[in-house]
Amino acid sequence: MNDSTAIRHEPGEPIIRNVNWGGLKTLYVKEVRRFFKVQLQTVWAPAVTTLLFLVIFTVATGGRTPVTVGGQQVAFADFIAPGLIVMGMMQNAFANSSFSLLVGKIQGTIVDYLMPPLSSGELLAAMVGGAVTRALMVGMAIYLAMLFWPGVHIGIAHLGAVLWFGLLGSAMLALMGVLTSIWAEKFDHAATISNFVIAPASLLSGTFYAIDKLHPAFQIFSRLNPFHYVISGFRYGFIGVADSPVMIGGAVILAIDIVLAILCYVLLRTGWKLKN
C-alpha cells in the first residue's frame, strides 16, 4: 500500500460531505424524545387548555351565534375552533424550540449541540423539525377532541390550506423560538418574549373575532400581524371562507419563514451568544 492510498483525507479535511443525514436524524429524534417523555405536560395539557378556551367562549356566546366572514355567516363555535387549533400549534412550537439551546446555555451543555459534526443548517433543521412535530401532535390532539365536542363542526374544506398554514405557521414560531433561545441568557428572557410578544400577537390575531367588525385603525394593526394570516388561512381550510386574502397570506408567511430561517442560520453559524 503506497502513501497515496494509506491516507485518504488530510488532517482537518471534512470527511462528511453534503448532508449528515445520520446526525440530523439523531438530533431530531433527541428533540422529539425530549418533549415526548413528558407528553402529559407538552402535548395533552396544551390541548386541554385550548379546549377550555372553546368551552368558555361557546358557553358565553351560546355557541351557535353567527359570525359574518367573507360575506357568509358561520356559527361562532365553528369559527373559533380552527383558530384555536393553529394557535395551540404555534404556541407549542415556540415553547419547544425556545427551550433547546437556552437550557444548554444555562446547564453548560451547549457543547452537545455545537461539537457534533453538524452544520448550522442541519442543527437548525433538527430543532425546527422537533418543534413542528410537537405542534402537529398538539394540533391533532385538539382536532380529535373537537370532532367529538357537541355543537362544533370541524370538517375540512381545503386540505392544502390546512397543511400550508399549519406547517408554515408552526415553522414560523419554531424559528422565532430558536432566535429567542440564541438571544436569551435565562428563562426570564424567554418568558418575556412569550408573554409580551407571542401571547398578545396570538390573541389579537382574529382568533376570537372577525376583523371586519373592528375599527379601521385596529383592522390595520390586525393586518400587520403575521399571526392573523396564519389564523385566517388555516380557518379557510376548514370553513371555506376567510377574512383576508388567502394567497397573499400564504406568500407573506412563506417570506417571513425564509427571512427568519436565514437569520437563524447566520446567527448559528457565527455562534453569537453561543460560543462566548
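Key figures
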read-out	value
Matching residues, region 186-228, being surrounded by 12 or more Cβ atoms within 10 Å (Cβ to Cβ), in a loop (DSSP other than H, G, I, E, B) and at pLDDT below 90	L204, S205, G206, T207, F208, Y209, A210, L214
Members of region 230-276 that are free of Cβ contacts under 8 Å to residues at least 60 places away in the same chain and within 15 Å of L163 (Cα to Cα)	S232, M247, A251
Check on T133, polar (S, T, N, Q), surrounded by fewer than 21 Cβ atoms within 10 Å (Cβ to Cβ) and outside any helix (DSSP H, G or I)	no
G271 vs. criteria modelled with pLDDT under 95, on the phi > 0 side of the Ramachandran plot, touching a strand residue (DSSP E or B) at 6+ places or on another chain (Cβ under 9 Å) and not polar (S, T, N, Q)	no
Total residues in region 213-229, condition under 23 Å from L175 (Cα atoms) and either within 18 Å of the chain's Cα centre (by Cα) or free of Cβ contacts under 8 Å to residues at least 12 places away in the same chain (or both)	6
Residue list for region 37-69, filter: among the polar types (S, T, N, Q), over 16 Å from L144 (Cβ atoms) and part of a helix (DSSP H, G or I)	Q41, T42, T58, T61
Of all residues making up region 229-273, the number that are of a type in the set (K, R) and either in contact with a His (Cβ under 6 Å, 6 or more places away or on another chain) or part of a helix (DSSP H, G or I) (or both)	2
Among (1) modelled with pLDDT under 90; (2) farther than 30 Å from L268 by Cβ, the one test that I80 misses	(1)
Residue count for region 144-160, restricted to those that are within 19 Å of S202 (Cβ to Cβ) and either at pLDDT 95 or above or under 12 Å from the mean Cα position of the chain (by Cα) (or both)	0
Residue in region 67-74 that is surrounded by 17 or more Cβ atoms within 10 Å (Cβ to Cβ) and under 24 Å from the mean Cα position of the chain (by Cα) present	no
Residue identified as under 11 Å from the mean Cα position of the chain (by Cα), modelled with pLDDT of 90 or more and part of a helix (DSSP H, G or I) among L173, L123	L173
Members of region 92-115 that are surrounded by fewer than 21 Cβ atoms within 10 Å (Cβ to Cβ) and either touching a helix residue (DSSP H, G or I) at 6+ places or on another chain (Cβ under 6 Å) or within 30 Å of F148 (Cα to Cα) (or both)	G104, I110, Y113
Residues of region 174-202 that turn out to be among the aromatic types (F, W, Y) and within 24 Å of G271 (Cβ to Cβ), as a count	2
Residue among I85, I80 that is surrounded by 24 or more Cβ atoms within 10 Å (Cβ to Cβ) and either touching a strand residue (DSSP E or B) at 6+ places or on another chain (Cβ under 9 Å) or not in a helix (DSSP H, G or I) (or both)	I80
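The values are calculated or read from the model by the stated rules, or taken from the named source; none is laboratory data. Please read all numbers here as calculations on a predicted model, not as lab measurements. Neighbour counts are summed over all protein chains in view; Cβ atoms, including those assigned to glycine, are modelled from backbone coordinates with ideal geometry.
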